[in-house]
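S.K.: Shown below is the structure under consideration.
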């Protein structure tokens with residue numbers, strides 16, 4: 001587990017619309033562009049092995065060179081190389097960060113000076129949601145999955161702890177990038193769950209939803 005003092009001031013950032021990483025969660029990624037292959041190889045040479053996942057942003061005054069201000073850094077914990085030189089990697093979420101400024105340099109990928117302040121809870125134990133009504137939530141989720149003809153392992157969902165359940169659904173369900181950003185920026189697990197419920201209820205009312213199948 002990282003301490004605040006272990007985290008670097010400058011990290012590579014990977015802008016990827018709709019890809020959400022949360023602390024203590026895992027995100028699989030497929031790297032094939034030359035700039036991100038170079039990023040990955042450089043990251044493996046660092047002691048922390050961190051990559052900052054960030055959402056592109058087009059709202060003036062709320063971005064740094066077209067990037068949202070807040071992202072989440074993940075540590076490379078698994079990787080495999082394909083025969084044609086691509087990489088399949090897994091990032092394990094460490095902590096959210098705030099971009100202070102983009103760093104100019106000679107790397108083909110983007111880097112940023114970041115602040116970890118305000119996200120100290122991300123480095124601690126799993127968050128709790130004391131007001132979580134799991135039966136009501138699973139009932140709502142069942143309606144959503146039925147309306148979208150999605151499949152999942154319900155036994156695994158029922159057994160998952162609160163944080164794993166809420167964070168996994170936040171990452172996997174096909175919401176818009178701005179909705180994913182709202183889930184990322186939620187200050188607590190309770191707030192994230194409330195945001196997630198609102199998004200699911202809105203999707204049910206509007207008849208719009210995701211098309212992915214959860215395994």
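S.K.: How big is D for the chain, in µm² s⁻¹ as a whole number, if Stokes-Einstein is applied with the Kirkwood radius of its Cα pairs at 25 °C and 0.890 mPa s? The partial results should precede the final answer.
M.R.: Details: Rh = 18.2 Å.
Translational D for this selection: 135 µm²/s.
S.K.: Another question, then. Ignoring everything except DSSP H segments at least 4 long, calculate the 222 nm mean residue ellipticity for the chain; use -39,500 (n - 2.57) per segment, divide by total residues, nearest 500.
M.R.: The per-residue figure over the chain is -10000 deg cm²/dmol.
S.K.: Right, next: Rounded to a whole number, what is D in µm²/s for region 4-123 from Stokes-Einstein with the Kirkwood radius over alpha-carbon pairs (20 °C, 1.002 mPa s)?
M.R.: D = 148 µm²/s.
S.K.: Volume per residue, Å³, of the convex hull around the alpha-carbon atoms of region 134-206?
M.R.: 83 Å³
S.K.: Under 8 Å for C-alpha pairs, at least 6 residues apart: give me the relative contact order for region 134-206, rounded to a whole percent.
M.R.: RCO, region 134-206: 39 percent.
S.K.: What angle, in degrees between 0 and 90 and rounded to the nearest 10, separates the Cα long axis of helix 34-43 from the longest principal axis of the Cα atoms of the chain?
M.R.: In the chain, helix 34-43 runs at an angle near 80 degrees to the longest axis.
S.K.: Expressed as a rounded percentage, what relative contact order does the chain have, with Cα pairs under 8 Å and six or more residues apart?
M.R.: Taking the mean separation of contacting Cα pairs over the length of the chain, I get 23 percent.
S.K.: A further question on this structure: Specify the angular offset, from 0 to 90 degrees and rounded to the nearest 10, of the alpha carbon long axis of helix 189-206 from the longest principal axis of the alpha carbons in the chain.
M.R.: 60 degrees
S.K.: Using only Cα atoms, tell me the angle between helix 162-172 and the longest principal axis of the chain; keep it within 0 to 90° and round to the nearest 10.
M.R.: 70 degrees
Taken together, the values in this text are just the output of simple stated rules run on the coordinates, not laboratory data. All values reported here derive from a predicted model rather than from experimental measurement.
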